[in-house]
4 protein chains.
Amino acid sequence: MNKKEHKTWKKKLHEIIYEADTPAGKLFDVILLLLILISVLVVMLESVEHLQAVYGTYFQIIEWVITILFTIEYILRVSTVKSPLKYIFSAYGLIDLAATLPKYLGLFIGNTEALLVLRSLRLLRVFTILKIVRYVGASNDLLKAIKASRAKIGVFVFAVVVLSIVLGTIMYLIEGNADSGFTSIPRSIYWIVVTMTTVGYGDIAPVTALGQFFATIVMIMGYGIIAVPTGIVSSEYSDVKKHKINTQVCNNCNEDHHGDHAKYCHQCGERL
Amino acid sequence: MNKKEHKTWKKKLHEIIYEADTPAGKLFDVILLLLILISVLVVMLESVEHLQAVYGTYFQIIEWVITILFTIEYILRVSTVKSPLKYIFSAYGLIDLAATLPKYLGLFIGNTEALLVLRSLRLLRVFTILKIVRYVGASNDLLKAIKASRAKIGVFVFAVVVLSIVLGTIMYLIEGNADSGFTSIPRSIYWIVVTMTTVGYGDIAPVTALGQFFATIVMIMGYGIIAVPTGIVSSEYSDVKKHKINTQVCNNCNEDHHGDHAKYCHQCGERL
Amino acid sequence: MNKKEHKTWKKKLHEIIYEADTPAGKLFDVILLLLILISVLVVMLESVEHLQAVYGTYFQIIEWVITILFTIEYILRVSTVKSPLKYIFSAYGLIDLAATLPKYLGLFIGNTEALLVLRSLRLLRVFTILKIVRYVGASNDLLKAIKASRAKIGVFVFAVVVLSIVLGTIMYLIEGNADSGFTSIPRSIYWIVVTMTTVGYGDIAPVTALGQFFATIVMIMGYGIIAVPTGIVSSEYSDVKKHKINTQVCNNCNEDHHGDHAKYCHQCGERL
Amino acid sequence: MNKKEHKTWKKKLHEIIYEADTPAGKLFDVILLLLILISVLVVMLESVEHLQAVYGTYFQIIEWVITILFTIEYILRVSTVKSPLKYIFSAYGLIDLAATLPKYLGLFIGNTEALLVLRSLRLLRVFTILKIVRYVGASNDLLKAIKASRAKIGVFVFAVVVLSIVLGTIMYLIEGNADSGFTSIPRSIYWIVVTMTTVGYGDIAPVTALGQFFATIVMIMGYGIIAVPTGIVSSEYSDVKKHKINTQVCNNCNEDHHGDHAKYCHQCGERL
């Protein structure tokens, strides 16, 4: 095989693996999707005790087959990509590696304590489902809206955390002595978040009249607070759809309302 | 009865059954609505043990009367519609059939096991309530907005599922050994969905400090996530109301922002 | 007192009671608001057993004082309004009457069974809080938006009810035999509503794997569904604020997008 | 040190403490942020019994160090600000004082009862986290939107409270005699709020058929109600972003839609 042939071969493989417009590329993607789904399913079912007891051996076989196939995929990806190092240390590359490595490590490790850690690592094989993200595409309006809302949602989450700490401390003062589960400030903060997000497990619930009155206020507050992120996303999404803004944020002045083709910040002249 | 008379008769029946502008047509619709409501009510009440014990016979009589009336309706619909086969295999046709058939099957089946299956099938008579949908109309703004959001809500649901699997596995690693109900990954995923959607039954709740801390993060995350579908529907609904977009989606390139009178996709030239 | 003096007197009283621009009118309103709040507070506290045991006599005295003052207010309103009958049978008139009558009825009724009914009626004194609504005013943007959304929210609620009945029946089929509280279709429907609205009491929760899987789907569905009313109100509210629509709905064709000064329906020519 | 030198010194300190554009100012802010976070963390961990038992002495030392540092900060702020009295009685000034005072009071108070009150006061040190608010800035779009929604959200909360009282009383009439926790009207109101806000603890849940039916209606109602604040914030936020309105509200007539450069109310001519 001369160098030219090798190059063509490499190029063809690259097309199959990284592009989806040829029939071979589409087939490759479909098979990969199926393998990912089976892999995740097996990890999930293995954690159910009575299924593991009965079908444990089959799960082992499927795991090994998939691990070997993923290994082949990983080697092919590394060998056909232009800059292998860049791929290896990219998010996709690390996920691809994490999907195969733990299984092999199990062969070389003998003592039980390390095996326990490995058992946890093997569970992380479920992260292979993140490989699917490759097929969704990152350039749709929804993601743009979420990106544009980032800073505002950050401020919002920060405000919720501050509010939870303050309200949680007050609730601890009110219900701390009653036998109702508010045994420490962190637990009270946990309860405040459970309540303000309207989740409401009921594992901790106020029993004193004052506690229930305060809880009522927190809930109605939560009502108003839940409106804020919705308002942000909904408004940003409308804007993105109208193509009025893009998601470039100036590194200098944080201005984030630039035209689609803008190259310099219209507020401070910084290169975007 | 000569052929012409027959045709007129058929036409009149068609008017009564399928149109609602004549007094006879309106009467037909009102009676049908009442029958549907009674039918669903009887199925619901039959499932309450102590009511079934006392009024069981009455329920049987009402069921047979309604079944016979629905059968007559079904026969009339088939015989007056232009293309009977198209109706029979349409969604409405199948619902209409499902509303009558199980009751008759009960007469021909003797052995108890099949009867048990049949009991389940009879419960599906509750699906007759879907017949009501005929009267709501499918061409309103709301449905248009939901249709226009379809693809985006699909991506969103997919993202929620992926996130639930990943977070559920992490939670299983954290709380798996504590005696708090996180006995397998599928159960942990169930808990993540219960938490992220802010339902929060409390049948499973974290007990370790780390578990509660992680739960707090999941809840605040759920806060942000719930904003996404609301933003989508609310934004699309505004658009539909402004008559700026319609719900045609190009079969070739999935572009969905076409003018109301567009006949070809403005992205790829495909016929819409 | 001649007829003219009587008329002036009546007019002045009308001003004080029905208008709030004079100092006397403002004072009247403030006193009335205070009386309403005290009245509601007393009804609420009377229902707390240990407070009723200790302060019962004081509650009785306050109740009688307030009842007599409300009676005076009622008589004044009837005697100063232009068309007394119209007022008496208006929503406000009926609430005003309901705030006083039950207390008096207690004097004339002796037998214990009727007193039990009366006890319930007395609790309805809490409805006097609805008198406060008079002071909020009905002509703000928010109410307009809700009115404009009426028909659409109606359709939405109807869809939720139909969906709940269908899903509730399916859940009854899945979990009906397990010992998890799904004892009848109505209870299953109650559970579906508890779940889809993300309330999630946890008094009934699925225990079978299939039931939990189905519950997961219902919850994610509820996620999408909760977006719909928000989208509607948010969009209509934007419209109302832009003064693009008003809330007149044509009696003939239900068209609801009329200009602010429109006198005839632009769809069918009906007088609005 | 002559007067001029003193002035320069004071000015420099003011720059460091109140401004963040010099390197010294930035360092000051970072250290302060760290101290606040440590302070809040210590208060939270002290409330966990088994941590307090083991690390109690360390917590005491950290608390004293931070208290002294906060005291120095407080003295510096008072001595460098232009109008010390205005600062002392501002919200920030009071929070800064509350972060130090309780610790010192503990030294002068001997009897145990007052110490119990003091223990509560010390917990309020958690409020020091509010000092962080200084660094978020108050002039962003989000806060503007919330300010613009203030009046409408007020009306909404008022409506929810009235509705809760009325529905709570009805629920008390329905479930009051059943043994399901609806023991008084205030508790029933607490349950209504828990349900309408979709929190749903499940500590109180209806058991009678009528109660569950009524609960279903309340939940679907809550569905519609949760849409209202979201609609308001989302719509106001869109407006603020379009710079169409500002947040000035006329003191005379409460009109709140003024142009950005408006100096007089366009409804009543009042100076804004």
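If you scan region C:64-109, which residues turn out to be charged (D, E, K, R) and either open to solvent by 40 Å² or more (accessible area, probe 1.4 Å) or within 20 Å of C:Val30 (Cβ to Cβ) (or both)? Before the answer, list the steps.
Of region C:64-109, the ones charged (D, E, K, R) are C:73, C:77, C:82, C:86, C:96, C:103.
Hits for region C:64-109 are C:Glu73, C:Arg77, C:Lys82, C:Lys86, C:Asp96.
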Is there any pair linking a residue in region D:180-203 that is more than 9 Å from chain C (Cβ to nearest Cβ) to one that is open to solvent by 10 Å² or more (accessible area, probe 1.4 Å) and among the aromatic types (Phe, Trp, Tyr), with Cβ under 9 Å and at least six apart or on different chains, and which?
D:Phe182/D:Tyr172; D:Tyr190/A:Phe213
Selection from region C:41-84 of residues under 25 Å from the mean Cα position of the chain (by Cα) and within 14 Å of chain D (Cβ to nearest Cβ) yields C:Leu41, C:Val42, C:Val43, C:Met44, C:Leu45, C:Glu46, C:Ser47, C:Val48
Among the numbered criteria (1) at pLDDT below 90; (2) open to solvent by 60 Å² or more (accessible area, probe 1.4 Å); (3) in a helix (DSSP H, G or I), which single criterion is violated by A:Phe213?
(1)
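Does A:Ser184 meet the test of being touching a Phe, Trp or Tyr at 6+ places or on another chain (Cβ under 9 Å), at pLDDT 90 or above and not aliphatic (A, V, I, L, M)?
On the way: touching a Phe, Trp or Tyr at 6+ places or on another chain (Cβ under 9 Å): yes; at pLDDT 90 or above: no; not aliphatic (A, V, I, L, M): yes.
Against the criterion (touching a Phe, Trp or Tyr at 6+ places or on another chain (Cβ under 9 Å), at pLDDT 90 or above and not aliphatic (A, V, I, L, M)), A:Ser184 does not qualify.
Yes/no per residue for (1) among the acidic types (Asp, Glu); (2) open to solvent by 10 Å² or more (accessible area, probe 1.4 Å); (3) within 30 Å of B:Val233 (Cβ to Cβ):
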position: B:Phe156; (1), (2), (3): no, yes, yes
position: B:Val161; (1), (2), (3): no, yes, yes
position: B:Ile165; (1), (2), (3): no, yes, yes
position: B:Ile174; (1), (2), (3): no, yes, no
position: B:Val194; (1), (2), (3): no, no, yes
position: B:Gly200; (1), (2), (3): no, no, yes
Please tell me if A:Ile226 is within 11 Å of another protein chain (Cβ to nearest Cβ), modelled with pLDDT under 80 and not in a helix (DSSP H, G or I).
no
Output for region A:14-63, where each listed residue is surrounded by 15 or more Cβ atoms within 10 Å (Cβ to Cβ), among the hydroxyl-bearing types (Ser, Thr, Tyr) and outside any helix (DSSP H, G or I):
A:Ser47
Identify the single condition in (1) over 30 Å from B:Ser184 (Cβ atoms); (2) modelled with pLDDT of 90 or more that C:Ile192 does not satisfy, given that it satisfies every other one.
(1)
Of all residues making up region B:5-40, the number that are modelled with pLDDT of 75 or more and away from chain C (no Cβ under 14 Å):
23
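The values are calculated or read from the model by the stated rules, or taken from the named source; none is laboratory data. What you see is a predicted model; the values in this text were computed from it and never measured. Every residue, glycine among them, receives a Cβ derived from its backbone with ideal geometry; neighbour counts consider all protein chains shown. The area values use the complete protein model at the heavy-atom level, side chains included, leaving out ligands, DNA and RNA. Shrake-Rupley method; radii C 1.70, N 1.55, O 1.52, S 1.80 Å.
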